[in-house]
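A quick write-up on the structure given underneath.
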Amino acid sequence: MAKTGADLLVERLLEWGVDTVFSLPGDGINGIYESLRNRQDQIKLIQVRHEEAAAFMACGYAKFTGKLGVCIATSGCGGIHLLNGLYDAKYDAQPVLAITGHTAHDISGTFYQQDVDLVKVFADVAVYNERVMGPDHVVNVVDQAIRTALGQRTVTHISFPKDFQDWTTSDDKRSEVNEPDHSSATMVSQYVSPDPRQLQRAADLINAGEKVVIFAGRGCLGAREEVLALSEAVGGPIIKALLGKGVVPDNDPHTTGGLGLLGTAPSQDAMQECDTLIMIGSRFPYLEYFPKPGQARTVQIDLDPSHIGLRTPVEVGLMGDSQAVLQALLPLLHRKADRGFLEKAQQRMTHWNELMTERGTQEAIPMKPQVIPHTLSPLLNDDAIVTCDCGNNTTWAARHIQLRGNMQFSTSGLLATMASGLPYAIAASVAHPGRQVVALVGDGGFTMLMGEMATAVKYKLPIKVFIFHNNSYGQIKWEQIVMEGNPEFAVDLQPIDFAAYAHACGAKGFTMDDPKNAEAVIRQALEHDGPVLVDAIVDQNEPPMPGKITTDQAIEFAKALVRGERDRSEIIKNVISNQFHEAVATKGRSLLGILPGL
């Protein structure tokens with residue numbers, strides 16, 4: 001029996017090793033669904049409640065497995081819904097293939113129902129972006145889409161007209177130039193090492209440095225031993241971009257943790273004081289946290305040459321896989337006898353960790369948001385997977401979740417979109433059955449795709465979701481106050497009983513509002529064999545201040561209070577308490593030393 005275009009698609013996905021797809025059904029992809037139904041013993045379909053979640057799940061699946069993520073959506077509106085999750089994959093350089101339906105080929109462009117030209121819509125997000133022109137075109141298109149997604153670590157898209165899904169090769173006439181079986185499903189290693197002369201230039205630069213900092217991003221996630229060996233050789237601290245949080249354990253003495261608004265004061269100090277920077281596998285976007293031009297000589301290692309020199313002036317660029325480059329570079333480095341720079345960073349980190357413990361063990365009511373991740377962190381398994389949304393919850397997760405062992409962590413990086421935390425957790429649980437998966441999300445981000453809690457229930461995924469419930473778009477509120485100098489506006493949220501919602505979905509729900517009960521509730525949640533949602537009621541006025549406040553931020557903060565910030569008395573009380581302890585603990589700049597009257 002002749003195979004349909006949809007059969008050819010699904011069989012080629014299988015040849016490339018695809019075993020899971022994320023999708024919501026629709027008329028425009030019925031042919032593909034029939035082929036998936038006939039092969040459900042070979043390829044798993046995870047049905048979602050919103051196509052945006054399908055794209056997030058494909059991105060999360062790629063992040064937590066290193067494999068291709070695949071999402072499928074119907075024509076028109078379904079495909080449009082994929083865009084946010086696909087941009088998340090594009091900006092975090094994850095290999096994702098999006099497959100969308102399309103109007104029948106001979107009615108396309110005539111304002112038929114759902115007749116949206118998704119090839120044009122996806123022109124910016126997808127590096128490879130093609131419409132299937134018939135059954136004999138399918139294999140060629142699928143191969144090119146997948147090899148591009150994997151080879152360039154990016155998003156690709158196939159638009160598949162509805163009628164071609166049902167056509168067979170007997171309905172089609174192969175062109176003379178389209179030789180049968182000329183395309184192959186071939187995986188290629190990206191283990192690339194740079195030119196030896198460039199390696200020696202980099203080694204000479206590093207050997208000449210006295211205060212060396214290593215800045216490690218997600219490109220180093222498979223190079224833990226090499227990054228630690230580099231730190232030991234140069235006597236310098238490892239600073240981690242957020243997506244590189246898992247490069248080395250958070251409690252390792254060689255690291256000072258993160259950088260930027262979510263980072264630590266010791267990391268910021270080290271960046272400001274270094275004379276040499278080794279930047280590996282990151283395109284961290286916040287330019288103000290890098291050494292000032294002319295301050296530090298820089299070596300950058302990246303698999304993508306277009307990233308080298310993108311954020312800070314680079315003297316030597318090394319293109320290649322982080323692990324391969326470091327393995328070639330390390331024998332050329334001289335171990336620095338002077339450990340003073342690293343030891344100074346370690347002393348500062350001791351004070352910072354004491355401060356985080358103090359913040360995470362507060363017993364105040366309303367409950368401080370730091371209590372949730374600080375209490376949760378030591379209770380997690382050594383191979384747990386942690387996801388989070390983008391918002392204030394990201395700050396608390398970044399600072400208080402201490403990764404160790406083989407734990408994995410991710411969030412939306414460069415896109416920094418809300419709503420990714422829950423879909424990421426679902427994808428992680430699908431990809432790694434039996435591993436503990438935890439999502440730390442805000443009430444704002446959760447409500448955007450809260451229907452996916454039902455997806456977790458449907459597939460019996462034992463994810464644990466912790467909601468920082470402050471009835472506010474918290475990060476936006478603090479951006480209005482601290483960055484813009486404006487009183488908060490239009491950031492309040494109507495309260496929802498999330499524990500009741502969890503029960504309505506068929507999950508277990510807890511409400512937590514007292515820090516004295518936090519550990520008991522979190523233990524119950526982790527021990528429950530099934531999906532759980534913990535609705536944690538937290539202080540709306542707890543500020544997610546940067547590790548070290550700048551003068552400009554202090555001035556804008558003061559302006560917002562003077563101009564009529566509604567909750568200024570509570571905000572001032574929290575800020576004074578936090579900044580006093582931070583100034584003492586970090587010996588660094590705080591609002592107390594900058595802002596008159598505090």
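Just so you know, the Rg over Rh for the chain is 1.00, from Cα atoms, with Rh as the Kirkwood radius.
Roll a 1.4 Å probe over the protein chains and send me the accessible area per residue for the chain in Å². Don't jump to the answer; show the numbers that get you there.
Numbers: 23590 Å² over 598 residues.
Each residue of the chain exposes 39 Å² on average to a 1.4 Å probe.
Model label points for residue 42 and residue 133, set 7 angstrom from Cα along the Cα-to-Cβ axis, are 2.7 nm apart. The long axis of helix 224-234 is offset from the longest Cα principal axis of the chain by roughly 40 degrees. Working from Cα pairs under 8 Å separated by at least six residues, relative contact order for the chain is 12 percent.
Per 5 Å bin from zero, what fraction in whole % of the C-alpha pairs of segment 37-171 is there, up to the bin with the longest pair? Percent of Cα pairs in each bin: 2, 11, 20, 23, 22, 14, 6, 2, 0. Counting Lys and Arg as +1 and Asp and Glu as -1 over every other residue whose Cβ lies under 14 Å from the Cβ of residue 429, the net charge comes to +3. Take the Cβ-Cβ distance between residue 330 and residue 519 as r, set R0 to 45 Å, and report the resulting FRET efficiency rounded to the nearest 0.05. The calculated FRET efficiency here is 0.60. In this structure the amide hydrogen of residue 105, modeled in the peptide plane, comes within under 5 Å of the amide hydrogens of 162, 163, 164, none closer than 5 places in sequence on its chain. Relative intensity of segment 81-132 on a log10 scale, I(q)/I(0) at q = 0.14, 0.25 Å⁻¹, equals -0.40, -0.99, per a Debye sum over C-alpha point scatterers of equal strength in the absence of solvent.
Of the peptides 23-34, 488-499, the ranking by mean beta-carbon count within 10 Å, highest at the top, reads 23-34, 488-499. Inter-label distance, residue 192 to residue 252: 2.5 nm, where each label sits 7 Å from its Cα along the C-beta direction. With r as the distance between the Cβ atoms of residue 204 and residue 528 and R0 = 51 Å, compute the FRET efficiency 1/(1 + (r/R0)^6) and round to 0.05. The pair residue 528/residue 204 has a calculated efficiency of 0.35. Multiplying the residue separation of residue 112 and residue 272 by 0.36 nm and subtracting their alpha-carbon distance yields 51.7 nm.
Round to the nearest 0.05 the FRET efficiency obtained for residue 344 and residue 494 when R0 = 41 Å and r is the Cβ-Cβ distance.
Computed FRET efficiency for residue 344 and residue 494: 0.25.
Other residues with beta-carbon under 13 Å from the beta-carbon of residue 148 carry, at +1 per Lys or Arg and -1 per Asp or Glu, a net charge of +1.
Considering only beta bridges that DSSP places wholly inside the chain, some 5 percent are antiparallel. Full extension of the segment from residue 105 to residue 287, taken as 0.36 nm per residue of separation minus the current Cα-Cα distance, would add 60.8 nm.
Between residue 14 and residue 177, the distance separating the two model label sites (each 7 Å from Cα on the Cα→Cβ line) works out to 3.2 nm.
The values are calculated or read from the model by the stated rules, or taken from the named source; none is laboratory data. Quantities reported herein were computed from a predicted structural model and do not represent experimental measurements. With ideal geometry, Cβ positions are generated from the backbone for all residues, glycine too; neighbour counts draw on all protein chains shown. What goes into the accessible areas is simple: the full protein's heavy atoms, side chains included, and nothing from ligands, DNA or RNA. Shrake-Rupley method; radii C 1.70, N 1.55, O 1.52, S 1.80 Å.
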